[in-house]
Amino acid sequence: MRDWLDNRTGFRSLLKHLLDEPLPSGVGWWFVTGSIVLFLLSVQLLTGVLLAVFYSPSPDHAYDSVRFIMERVTFGRVLRGLHFFGASFIVIASLVHMLRVVAFGSYKKPRELNWIVGVLLLLIILAFALTGYLLPWDQKAYWATTVTLNIARSVPFAGEFVSRLLKGGTDLGALTLMRWYAAHVFLLPACLIAFTVAHIYLMRRHGISGPIKEVPGPSTPFYPYHAIKDTIAVAAVFALLLTFALVFNAPLDTVADPTDATYIPRPEWYFMSLFELLKHFPGRWEPVATMVIPGLVVALLFLLPFLDRRPDRQPAKRPVVIGSFAVIFVCIGLLTYQGFRTTPAPSAQSPQAAARQTAGAAGLRGPVMVEDVFKNVQALKGITVDEFMGTMGIMAASLGLCCNDCHPGAGTDKVVWESDESPRKLTARQMVLMVQAINRDNFSGRQEVTCWTCHRLRLTPVQTPILDRFYGEAQADPDDVVSKAEGVPQPTQILDKYVQALGGAEKVSAITTIAGTGKVMAFGNFGGGGNFEYFAEAPDKRAMLSHLPDGESSRTFDGRAGWFAIPLAVVPKYPLAGGELDGARLDAQLSFPAQIVRTLTGLRTGPIAELNGKEYYLVQGNGARGAFVSLFFDRETGLLARTIRYTPSQIGKVPTQVDYENYRDVGGIKFPFKWTFTWLDGRDSFDFMDVKFNTPIDPSKFGEPVLTRPATIRTAR
Amino acid sequence: MPAQISTDDPTRRRFLSSITGGLLSVISGVLAVLGGGAILSSTARRQDDWVPATTLLDLPEHEPTPVTLTMRRLDGFREVIDRRTIFLVKTGESDVAAFNATCTHLGCLVAWDTQAQVFKCPCHGGVYDRNGAVKDGPPPAPLAKVTTRVDGNRVLVQA
């Protein structure tokens, strides 16, 4: 039978040709890297075909089909794990292979063309990783791709066209998914196979380069003397990959929700350096990070064999090449490390966990947890004091109640916070658990239902449609999260106009510090009047220090840590953590108008907003860990009239609003001299008397506030 | 390229070859099991459910009555509504027989001819008697029987 087959196909001579390739003496384990890449690519092709059997590339079904693979298909979880982790393994193996080739000087004559094909293969592998990311159509996929598409828009001159080409239309949707799917399963595999064949053909044509220094001795056939090394290495890598697939689940977030603008995407580790690089080139410099630097690195890779044409292969004799690669890889490593340090993991990390982690990493005193301060906490355990206070504010604001409606004696010395005397407190606990259960059971944990959803300033929600309202004047509440609207300017146009209205980009960009003083009226006159000091230092320090009759009221953020102090409160001062810390950082960053574009991600212009009968452009953008900010710009003057920042809490978003009025000229730059600061627990108004730009500020102003009253946290035990 | 190729003793060569072959077989085997399991998982026969079809009161004695069943079922990752036509025949006080209305020839739906007292297929002239047996035409097999159960007054079929 074999003879019959050989007679007709000549397979024996083909096998002999393939397997008996003579290898130079001294070929060691370093030469297994190419085989590892080839093996991993084969695993990706196989698992990709198997996944494609069950996958449906449409926004209506993609997510469900991936869940089906994970939950219902026999070994589906393992197959997806092999494919998902295999992508990372390939990137690592390809880079190791490339470094081996560079270190051994294997790209030199006559193997220049094979090096170029190898670089093309690396780019194809990265394109696979990019296009595959969108396919599960979960939150991570959707928002990471949104960032990618926005990066594509930074291509000079043709950015908008490239973005639309990638999207297949004006928005990220069905056409985008099908386009990326087609690229991932048809176009890229075809290119990959063609270039892999070319790579192997060229490798065979010129033979492998062998050791740097020729090792005397006869050559050996590839099979089995080197094949055994390849096979052992491949088996070890496969065992490791299989372990990953078996032990860890390939991540699958909740289904993509284009209206959930609070999601913070984080790219896969192999794109993190590019993502981080972008932060260092904001605004009009963005193309440097998205095009110029990556373009130069790729160009350097392509041109390497032509730039280094001397025959020397010893690394010591090629210090420029070895040094350049070392610098590039160290930079990529540092940027990746920095990216992971500064970009929160999406959704996996609760604000509380993040707060503890951040505080610990920064060597700071840990956040003050609610159990550290209050007794008899039952439904809202495990959160920080600032978030706890936020949740109290949400409940009070949703029902139109005050503290003493549930805590008898609040505001006096007679209050017993831990008392369960009030039936409302017991009801509130049940309601917190009920709302959490509703969101968990129906909305994958997203806070679609909160106290405000039903109560709307009422103790008892209205249960029946009010016909007068239905047939009367429309009273639609504005959305908190807005989607991109049609017929309104781009966010960057509105922000440019704002900067222009303030005095121009040159002047506004030159602001490094702001110092102001004035009069404050606290808590809508209940807190009495006093003086205040305001300090801000770019990029992210800010302090608002109010000197009130009853003591100091301070909000400070020093770039890492923040504090909140307020007189006559159950907790007079506490360090910020979680959502409030993120919010304080946002406040500090947004104090400098030129920083808005690079501070907020996913910028979008919502529908025209109406405030007090006047129309405003509404621009919204995202901060860290679910925080987001709405900015309202006067349509005529272009000036900022209001900001509302939203930070997450256990029972809903905590809004903090600042209204800006009375813009006056300070050294050629307009500055709002009246601020009205509104949050769930009160409203302060600040009238600036004096404002200075670019004056030195004592760093201690941004640190922990010094209280004139007892500074220690007074526990409610 | 060195011209001289080293030759080794055949025992070592065989040993290395068998190790290589063994490892590659293990890897291929694992991948084959994973892939085969995935492909075969969707071919597993699904569990039929008991679906309410009608009540005994609605069925005339010995007269095949067409009933359209509406069933929810999982089609991969989707839940779909399936409609299937069957004929129910009340053969006793609490006995009901059921036939799939699909002609066993090429899949057209048969109809009950009350005058001729036979099932007729409109496509290629297949004819079945009231028990579903082939009387005439090209059908290769009788109409498929559907299992039924009577629960009180309700007639349930396994579909």
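No lab work stands behind these numbers, since they all come straight from the coordinates. Keep in mind the model is a prediction, meaning the values are calculated, not measured. Cβ: placed from backbone, ideal geometry, glycine included. Neighbour counts: every protein chain shown.
Annotations
- Residue among B:Val67, B:Val80, B:Val33 with the largest mean-square fluctuation in a Gaussian network model of chain B, springs linking Cα atoms under 10 Å: B:Val33
- Legend: residue pairs A:Lys670/A:Lys701; A:Lys16/A:Lys213; A:Lys140/A:Lys653; A:Lys279/A:Lys614; A:Lys541/A:Lys674, Cα-Cα distance threshold 32 Å; pairs beyond threshold, A:Lys279/A:Lys614.
- Options A:Leu495, A:Gly207, A:Phe564, ranked by Cα towards positive dipole end of chain A, top entry (Cβ charges): A:Gly207
- Residue with peak Gaussian network fluctuation, chain B [Cα springs, cutoff 10 Å], from B:Leu16, B:Leu88, B:Leu74: B:Leu16
- Between 0 and 90°, nearest 10: helix B:10-41 axis offset from chain B longest Cα axis: 20 degrees
- Length released on extending from A:Thr170 to A:Arg2, taking residue separation times 0.36 nm less the Cα-Cα span: 54.6 nm
- Excluding same-chain neighbours fewer than eight residues apart, the lysines reachable from A:Lys414 by a Cα-Cα span under 19 Å are A:Lys375, A:Lys425.
- Footprinting exposure proxy for B:Leu156, A:Leu187, A:Leu304 (fewest neighbouring C-beta atoms within 10 Å first): A:Leu187, B:Leu156, A:Leu304
- Exposure proxy order (Cβ contacts within 10 Å, fewest to most) of A:Ser685, A:Ser553: A:Ser685, A:Ser553
- Full extension of the chain between B:Thr85 and B:Leu57 yields a length gain of 8.2 nm, computed as 0.36 nm times the residue separation minus the alpha carbon distance.
- Note that the range B:132-149 has calculated 3J(HN,Hα) couplings of x, 6, 6, 9, 7, x, x, x, x, 8, x, 4, 5, 7, 10, 6, 10, 8 Hz, one per residue in order, obtained from phi through the Karplus relation 6.51 cos²θ - 1.76 cosθ + 1.60 (θ = phi - 60°); glycine and proline are x.
- Here B:Lys145 is the anchor, and the lysines within straight C-alpha reach of less than 24 Å, apart from those fewer than 8 places off in the same chain, are B:Lys90, B:Lys120, B:Lys135.
- Likely footprinting exposure, A:Phe306, A:Phe195, A:Phe275, fewest C-beta neighbours within 10 Å first: A:Phe306, A:Phe195, A:Phe275
- Point-to-point label distance, A:Arg469-A:Gln338, nm (Cα→Cβ direction, 7 Å offset): 5.2 nm
- In the range A:491-702, the convex hull through the Cα atoms has an average projected area of 11.4 nm², a quarter of its surface area.
- Gyration tensor (alpha-carbon) shape descriptor, the protein assembly as shown, a/c threshold 1.5: oblate
- For the range A:491-702, the dipole from Cβ point charges (+1 on Lys and Arg, -1 on Asp and Glu) about the Cα centre works out to 380 debye, to the nearest 20.
- Chymotrypsin sites (Phe, Trp or Tyr not before Pro) restricted to DSSP loop in the range A:496-552 with at most 14 other C-beta within 10 Å: A:Phe526
- Working from label points 7 Å from Cα in the Cα-to-Cβ sense, the A:Ala505 to A:Val462 distance is 4.9 nm.
- FRET efficiency, A:Ala52 to A:Thr512 (Cβ-Cβ, R0 60 Å, nearest 0.05): 0.65
- Measuring max minus min along each principal axis, the C-alpha atoms of the range A:11-120 give extents of 54, 35, 23 Å (largest first).
- B:Ala32 versus B:Asp9: modelled label distance in nm, points set 7 Å from Cα along the beta carbon direction: 3.3 nm
- Separation of alpha-carbon centers, the range A:232-298 and the range A:473-550, rounded to whole Å: 34 Å
- In a simple Cβ point-charge model (Lys, Arg +1; Asp, Glu -1; nothing else charged), the range A:25-259 has a dipole of about 700 debye relative to its Cα centre.
- Gaussian network model of chain B, Cα within-10 Å springs - most flexible of B:Gly92, B:Gly126, B:Gly76: B:Gly76
- Listed by chain and number, the aspartates and glutamates whose C-alpha is less than 19 Å from the C-alpha of A:Lys108, apart from same-chain residues fewer than 8 away, are A:Glu214, A:Asp308, A:Asp312.
- Within 10 Å of the Cβ of each residue in B:32-40, the mean number of Cβ atoms contributed by other protein chains is 6.
- Helices in chain A that qualify as membrane-span-like (whole DSSP H runs, Cα extent of at least 30 Å along the helix axis, mean Kyte-Doolittle hydropathy of 0.5 or higher) are A:33-54, A:76-103, A:112-134, A:319-342.
- For the pair A:Thr9 and A:Leu187 in one chain, pulling the backbone fully straight at 0.36 nm per residue adds 61.0 nm over the alpha carbon distance.
- Note on the range A:434-492: with charges restricted to the Cβ of Lys and Arg (+1) and Asp and Glu (-1), its dipole about the Cα centre is near 200 debye.
- The range B:50-158, Rg to Rh (Cα coordinates; Rh as Kirkwood inverse mean 1/r): 1.00
- Note on chain A: dipole from Cβ charges, positive end direction compared against A:Ile383, A:Ala505, A:Asn531; the farthest Cα belongs to A:Ala505.
- Sparse-neighbour loop sites [trypsin sites (Lys or Arg not before Pro); the range A:425-520; at most 14 other C-beta within 10 Å; DSSP]: A:Arg456, A:Arg458
- Computed E for B:Gln158/A:Val155 - FRET, C-beta separation, R0 51 angstrom, nearest 0.05: 0.25
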